[in-house]
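First the structure, in the form of structure tokens, and then the observations on it.
The values are calculated or read from the model by the stated rules, or taken from the named source; none is laboratory data. What you see is a predicted model, and the numbers here were worked out from it, not measured in a lab. Cβ: placed from backbone, ideal geometry, glycine included. Neighbour counts: every protein chain shown.
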Amino acid sequence: MSSPQQSDPVTPSGQKAVLVGHGLALVGAVMALVGFYLPWLGFVGGRGLVATLSGARIGAGPVIRLGENVVVFRGSPTSYLVVVAAVIALLVVGLAFRRRRLTGWDGLTLITAGLLPLLVLWGQFGAAQREAGKVGILIQTQYGLVLVYLALLAVFAAGILHVRNYSRQNPSFRNTLGAYAFMSPATFLVLVFFLIPVVLLAVLSLTDLSSANFGEPWNFIGLENYRRMFSDRFFPKILGNTIFYVVTTLVFFNVGLALVLALLTAHINRRASFFFRLIWLLPRITPSVVYIVMWKRFTQVPPYGIINQFAGWLGIDYQPYWLNEAPWVFVILVNGFVGASFGMIIFTSAIEAIPKDLITAAKVDGASTLQVIRDITLPMLRWPLLFVTTYQTLSLLVSFEYILLLTQGGPGLYTTEVWALTAYKRALFTYFGSNQWAYGAAWGFVLVAIGIVLSIIYLRVFQFDQLVQEPKIDVL
Amino acid sequence: MRVELENLTKRWGDAIGADGVNLEVDHGEFVAFLGPSGCGKTTTLLMIAGIYKPTAGVIRFDGQVVNKLAPKDRNIGMVFQSYALYPHMNVFQNISYPLKLKKVPQEEMRKRVERVAEMMGIGHLLDRKPAQLSGGQQQRVALGRALVKEPQLLLFDEPLSNLDARLRLSMRSEIKRLQLDLGITSIYVTHDQVEAMTMADRIAVMKDGKVQAYDRPEELYDRPRTLFIAGFIGNPPMNFVDVEVVQVDNTFHARRQGLDLPLPADRGEKAAQDRPVIMGIRPEDVSIADEGIAGEVYVVEPLGRDDLVDVQINGAHLRVLADPALNLRIGDQVKLKINTDKVQFFDPQTELSLLWN
Ligand SMILES: Nc1ncnc2c1ncn2[C@@H]1O[C@H](COP(=O)(O)OP(=O)(O)OP(=O)(O)O)[C@@H](O)[C@H]1O
Ligand SMILES: [Mg+2]
């Protein structure tokens, strides 16, 4: 049942739909390729990989310098080896665990597996930090973070083993263990990565902590930071920007384009649609710095910019720096191209899960392709639609990294500045070298609060509990 | 509506769904496609419905070629094994969907849905969602949805396979009655030969994408043209024994070790070959008697009204329908009497009947 719509359209209009689908797929593919990968291949004025990475220092170290003020932390070969070793060690222990026999050696392996990556990372983060200090900011720690997570996982596994051994000796403890054991990973994550930071944020936002009075004792100043925030001259502008950014990107890309893509790829043949989907995933798997460098290249003035290159060929003389010309367009495109693939994948799998008989029945009942989509496909996508809307609203609300890299909130004053970016800038990034940590925390905390309220509203309004099916088997 | 299929073929690369199907369905006729799983029944049906585009061949409705006609323009009703009810619509909306697409006015739509629902005995269920119905009720709704637009052709794809045995029996006669009353040309896909025999005016027996035979049920039963048809039609299935047919004096005999059967002249003459042939004989044409061929009871399967007894005769096995009152046990010695007016003969190489070709 999960195969795509392989029914052969019989009508000429059906064939036209297929052609249009192929055409759009082709255009999309070409666009994606040109937009993202050709700058690397020396497409523009003979400047290619080398030029783009000019000044890049790619060695064995944990850090790549990209251009003037960007550093990418990527981990060193040593760290990867260590991680591989850690994973093997974990597997060994895991097997011992399954045999229900643990020895002192297993304990030792575990400690090594847990601590070694941490130690290595510690050193490497230091190096990255130093390098970053020299050039400005540190971006892109995702590879390093993966290592950290793995290390945490190892330590966590060690903890579980301890509990398990303990419970074996204490049967009463053991009876309630199951429930806690299943909840503990999620609880741990929520605690460490959400609750604790939020509490810290809230506390911090009530103080006057900043780099100006760093080293002196800091004071609690009540709601002063919040008063300052709401009376900021640019507060309405930032609020408006945020709403505009979230709604537009969501409607046109993260949900809209995602749905269109999923529907299109469901109606073209299997191999073409696989290729097409893969292309739309490229922006997501491209490191953000690289992705943004490409977009900037795309919009540059002659002789670098690709848009202007085409404009030149077409004999158009107006060749501005497009990013300054239409900053919102690019902010939304940049985010939308990444965001669309999430919904696309969810919608595609939901569409493929619709029983083929239903589609056949509708066609025999007299529905055209569009009517099938309207009356059968879309109603059956109700839950995925709500899910993607909810999830993507929240993630757009707190996303700022692409905007930071692309426009830094500009051009000019606050043109494309969104809430999350403001919070980041106030706390960690200023032109005058003063980091207003506490004030930034206030911005951040309000954002968190909005996020939580929105989540609750979504959960209520969309009745997410209905997503969870009643168990088919009555619990006795 | 009269349906003609001419050399209808469907291929996906190397996979063959239907391979040169030729047949015609007369106006108001009820035709069954019968065959084992994967023989191309659904494929052929979906081509008729316009869902699959034929690789080759022609489909005609009342003489008009409809190959290029979209499903929605074919005026067909279809019923599926999975029911294929729209889960987000209630029963009323499900049944009225084809009318809604045809832009039938509200008032008329309501009347027609209610009439069909009444006819199907689901008038009280109109507000329910499909998930709140039993399998039998869902199938009635599906049937109602297929009938409501008054189609000229009804297609059934194993509509009763998911129902329990009793419900299947009653739905079987109900569908047949309905089809007779409404006089709608119908094509009914099934792999259940009892269903095909009892319901259809004609049966198309399919195998490997080809139509093996297309005839009235009695014909297929009494005069099977191939070994496959003989084995597939009839329950319990026909017995097959390797024999040699020889002429002794003026009569023909079917012979093998432990068996010597005088044959009626017409059958014997056609079956006489200079090499061994396959003899087919249905279980109901063999009986336990006082005199006859000696054998030993190998297995007894009680069927209720009869016992199905497997009798071993010198290495050959014959299934026989016997009276349970005989109380046969494994190992009992019995004598068999064979109704030689009903025996069939097949060429072992070509698997074609020696009697009916
Ligand atoms: N979309 C397809 N692509 C490739 N091969 C297919 C496709 N659909 C059907 N087939 C093949 O065509 C043959 C006939 O399939 P079909 O569904 O018509 O069988 P069927 O007679 O309806 O069987 P069943 O009784 O199991 O429903 C099978 O061998 C099947 O594997
Ligand atoms: Mg089938």
Just one of B:ALA131, B:ALA117 is more than 16 Å from ligand 1 (Cβ to nearest atom) and under 29 Å from the mean Cα position of the chain (by Cα); which is it? B:ALA117
Of the numbered conditions (1) over 23 Å from B:ILE187 (Cα atoms); (2) within 16 Å of ligand 1 (Cβ to nearest atom), B:VAL211 fails exactly one; give the number of that condition. (1)
From B:SER173, B:SER134, B:SER96, B:SER82, residue being within 16 Å of ligand 2 (Cβ to nearest atom) and hydroxyl-bearing (Ser, Thr, Tyr): B:SER82
I'm checking my understanding of the structure. Among residues of the stretch B:24-53 that are surrounded by fewer than 22 Cβ atoms within 10 Å (Cβ to Cβ) and at positive phi, which one is farthest from ligand 2 (Cβ to nearest atom)? B:GLY28
Would you kindly identify the helices (runs of 4 or more DSSP H) lying entirely within the stretch B:134-221 that contain at least 3 residues that are aromatic (Phe, Trp, Tyr) and outside the structural domain of B:PRO98 (by TED's automatic domain parsing)? none
Yes/no for B:LEU69 being away from ligand 2 (no atom under 16 Å from the Cβ), away from chain A (no Cβ under 12 Å) and among the aliphatic types (A, V, I, L, M): no
Pairs where the first residue, in the stretch B:148-163, is under 14 Å from B:MET78 (Cβ atoms) and the second is of a type in the set (Ser, Thr, Tyr) and more than 12 Å from ligand 1 (Cβ to nearest atom), C-beta under 6 Å, 6+ apart: B:LEU153/B:THR185; B:LEU154/B:SER186; B:PHE156/B:TYR188
Step by step: first the residues of the stretch B:72-85, then only those that are more than 7 Å from chain A (Cβ to nearest Cβ) and within 23 Å of B:HIS27 (Cα to Cα), then the one that is nearest to the chain's Cα centre (by Cα). Which residue is that? B:VAL79
Residue within the stretch A:358-371 that is at the interface with chain B (Cβ under 10 Å from one of its Cβ atoms) and under 17 Å from A:LEU261 (Cα atoms) present: yes
Failed condition for B:ALA117, given (1) without any contact (Cβ under 8 Å) to a residue 60 or more places away in the chain; (2) within 14 Å of chain A (Cβ to nearest Cβ): (2)
On the given criteria, is A:PRO327 farther than 30 Å from B:GLY77 by Cβ, away from chain B (no Cβ under 14 Å) and of a type outside the set (Val, Ile, Thr)? yes
Exactly one of (1) surrounded by 18 or more Cβ atoms within 10 Å (Cβ to Cβ); (2) closer than 28 Å to A:TRP383 by Cβ; (3) in contact with a helix residue (DSSP H, G or I) (Cβ under 7 Å, 6 or more places away or on another chain) is unmet by B:GLN81. Its number? (3)
Residues within the stretch A:372-403 that are facing chain B (nearest Cβ under 8 Å) and surrounded by 18 or more Cβ atoms within 10 Å (Cβ to Cβ), tallied: 3
Being within 11 Å of the chain's Cα centre (by Cα) and more than 16 Å from ligand 2 (Cβ to nearest atom) is the requirement here; does B:ALA213 meet it? no
So, B:LYS111, is that one assigned to a loop (DSSP other than H, G, I, E, B), more than 9 Å from every other protein chain (Cβ to nearest Cβ) and modelled with pLDDT of 90 or more or not? no
